[in-house]
Amino acid sequence: MRLTEHPVLRFERGREVTIYFEGKPIKAYEGETIATALHAAGIRVLNYSANEKRPRGLFCAIGKCSSCLMVVNGVPNVRTCITLVEDGMVIERQRGKAKLPREAKPPEFRNAKVVKADIVIIGGGPAGLMAAIHAADGGASVVLLDENPMLGGQLVKQTHKFFGKREQFAGVRGVEIARILEGEARKRKNIKIFLETSAVGIFQDGDEKLVLAVKNNRELIEFRGRAVIVATGAMEKMIPFENNDLPGIYGAGAIQTLMNTYGVKPGDRVLIVGAGNVGLILAYQLIQAGVEVKAIVEAMPKVGGYFVHAAKVRRLGVPILTRHTILRAEGKEKVEKAVVAQLDENWRPIPGTERTFEVDVIALAVGLRPSIELLHQAGCQIRYVRELSGHVALRDEWMETTVRGIFVAGDSAGIEEATTAMLEGKIAGIAATLRLGIADESWLKEMEKAQKDLVEFRSGPFGRHVLEGIKKALIGGVASE
Ligand SMILES: Cc1cc2nc3c(=O)[nH]c(=O)nc-3n(C[C@H](O)[C@H](O)[C@H](O)COP(=O)(O)OP(=O)(O)OC[C@H]3O[C@@H](n4cnc5c(N)ncnc54)[C@H](O)[C@@H]3O)c2cc1C
């Protein structure tokens, strides 16, 4: 199941270690997550659900859902998709509701480590990295935290070359953009980076903003700053169909994480649901990794992604069934089959058109929704904006939300692309330093340039739709639907 050869990627694995799954030794490599190591060993069922005790497996692979919770060294509810293996680790499936170990003590808030900076940035994807770089260049001290073990967000698994302008990394692969941005951030002495660190709450404490976070599932840290930038990205959407919780059903991004970041095949035969750019790119990447793609089903009457991506996939022999949807997954402990059917004009399955595919993986590429939980909890005004793919925080043109000193950027402000995430990150980073009186007025020009670039980028056919959404998300903008 581990990939050794790939046309684009080289997998440099860390030191070999042994982890113990339900008493059985399993080979793993330092630098990979527990869920990755278990997948490489062919283990799909990671826990049994709290109430119905149904088998559950990996779904998002970026720490956003609860599908991969396991008991690690006696500690329940560990997100194994973002927790790295350690030699000798003891891992068990969680069965039903988690029980705290008897000796567990609640963490001591009074003893939490305190880290201070001018600006605290949550999320080290393209938006958070650009915000950090520009805030640092404006003279601010910056803390950048991310709950994943590596910087780059969604970029670390994008093996394809990006479109757009040269100055916005057109023609460069996503993985490479992540490396460039990380290099820039690490070069700056006034940026402190904390990985494997989850922000769990944002509070106002006097003049300071307090971001409470947990590092490595163990240590509580209080990050204190005068401004916070939330760049927490997005999470995969789920669609309703029978048995949609069976292990072997993954969000598209999770498959990319397994395959492109860690070099582990998700399975052998895949059905993809959704023919937008993500579904199409995923099909191509699966084929590159030697996995068979049986078909892509798409409920809309035509393919949503770029024509070039669809043409490439069709040339490789993958049928794209438009006006089709998935009816159910079949299998006992994991996916064995997928049943699809054609839809009529009222989106109802047409009886007699059912087709069964023998697959061990179903990939859902049905869109993302902004991760706004922290913004919501912090009291930012939230509105549902269909064009931005979900609930978003209202913001002004400086990306500042209705809570002064809290800024937002990237997919967490509305689903778009890495290019717009980077530009929004740049705006938020500069705006925060200006708001705090750290950067001088000359930085306004840089911000205006980024705002102009955003307008230009959004002037294309896909952008027009987003612009409608942004009007609704602006403070004082048009009312929600
Ligand atoms: C298959 C696919 C193909 C794509 N292709 C393209 C393309 O060709 N061109 C393009 O421009 N874009 C593309 N995109 C989109 C692009 O990757 C995203 O729009 C972009 O990564 C969004 O950046 P972001 O920084 O807002 O969020 P992300 O990249 O998602 O980063 C968010 C970060 O926040 C961290 N985080 C979240 N919550 C917390 C928390 N509570 N505490 C600490 N850290 C947290 C996460 O771990 C993550 O690292 C593609 C996306 C996918 C899935």
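The values are calculated or read from the model by the stated rules, or taken from the named source; none is laboratory data. Keep in mind the model is a prediction, meaning the values are calculated, not measured. Here Cβ is always computed from backbone atoms with ideal geometry, including for glycine, and neighbour counts include all displayed protein chains. Side chains are part of the model used for accessible areas, which takes the heavy atoms of the whole protein and leaves out ligands, DNA and RNA. Shrake-Rupley method; radii C 1.70, N 1.55, O 1.52, S 1.80 Å.
State all residues of region 135-149 that are of a type outside the set (Asp, Glu), open to solvent by 20 Å² or more (accessible area, probe 1.4 Å) and more than 8 Å from the ligand (Cβ to nearest atom); if no residue qualifies, say none.
Passing the criteria: 139, 141, 149.
Being open to solvent by 10 Å² or more (accessible area, probe 1.4 Å) and out of contact with any helix residue (DSSP H, G or I) (no Cβ under 6 Å at 6 or more places or on another chain): is that true of residue 317 here?
Here the answer is yes, as residue 317 does meet what is asked.
All but one of (1) crowded, with 18+ Cβ neighbours inside 10 Å; (2) in contact with a Ser or Thr (Cβ under 6 Å, 6 or more places away or on another chain) hold for residue 190; state the number of the condition that does not hold.
Of everything listed in (1) crowded, with 18+ Cβ neighbours inside 10 Å; (2) in contact with a Ser or Thr (Cβ under 6 Å, 6 or more places away or on another chain), residue 190 misses just condition (1).
So that you can scan it fast, the table gives a plain yes or no per residue for (1) among the small types (Gly, Ala, Ser); (2) within 16 Å of the ligand (Cβ to nearest atom); (3) open to solvent by less than 40 Å² (accessible area, probe 1.4 Å):
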site: 11; (1), (2), (3): no, no, no
site: 22; (1), (2), (3): no, no, no
site: 36; (1), (2), (3): no, yes, yes
site: 45; (1), (2), (3): no, no, yes
site: 62; (1), (2), (3): no, yes, yes
site: 83; (1), (2), (3): no, yes, yes
site: 91; (1), (2), (3): no, no, yes
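In region 121-171, what residues are of a type in the set (Ser, Thr, Tyr) and within 12 Å of the chain's Cα centre (by Cα)?
none
Quick grid of which residues meet (1) farther than 18 Å from residue 406 by Cβ; (2) surrounded by fewer than 13 Cβ atoms within 10 Å (Cβ to Cβ):
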site: 428; (1), (2): no, no
site: 447; (1), (2): no, no
site: 455; (1), (2): yes, yes
site: 459; (1), (2): yes, yes
site: 469; (1), (2): yes, no
site: 476; (1), (2): no, yes
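Inside region 11-33, can you point out the residues that are in contact with a helix residue (DSSP H, G or I) (Cβ under 8 Å, 6 or more places away or on another chain) and hydroxyl-bearing (Ser, Thr, Tyr)?
Passing the criteria: only 29.
Just checking, does region 96-115 include any residue being open to solvent by 30 Å² or more (accessible area, probe 1.4 Å), aromatic (Phe, Trp, Tyr), within 16 Å of the ligand (Cβ to nearest atom) and touching a residue at least 12 places away in the same chain (Cβ under 8 Å)?
No, that holds for no residue.
Residues that are without any contact (Cβ under 8 Å) to a residue 60 or more places away in the chain, at least 1 per element: which strands (runs of 3 or more DSSP E) completely within region 362-481 meet that?
Where strands (runs of 3 or more DSSP E) fall fully within region 362-481 and carry at least 1 residues being without any contact (Cβ under 8 Å) to a residue 60 or more places away in the chain, they are 382-385, 390-393.
Give me the residue from region 320-367 that is of a type in the set (Gly, Ala, Ser) and open to solvent by less than 40 Å² (accessible area, probe 1.4 Å) and, out of that set, modelled with the lowest pLDDT.
If we take residues in region 320-367 being of a type in the set (Gly, Ala, Ser) and open to solvent by less than 40 Å² (accessible area, probe 1.4 Å), then 367 is modelled with the lowest pLDDT.
Just name the residue that is surrounded by the fewest Cβ atoms within 10 Å (Cβ to Cβ) out of those in region 150-172 that are more than 9 Å from the ligand (Cβ to nearest atom) and assigned to a loop (DSSP other than H, G, I, E, B).
Top of the filtered list is 171.
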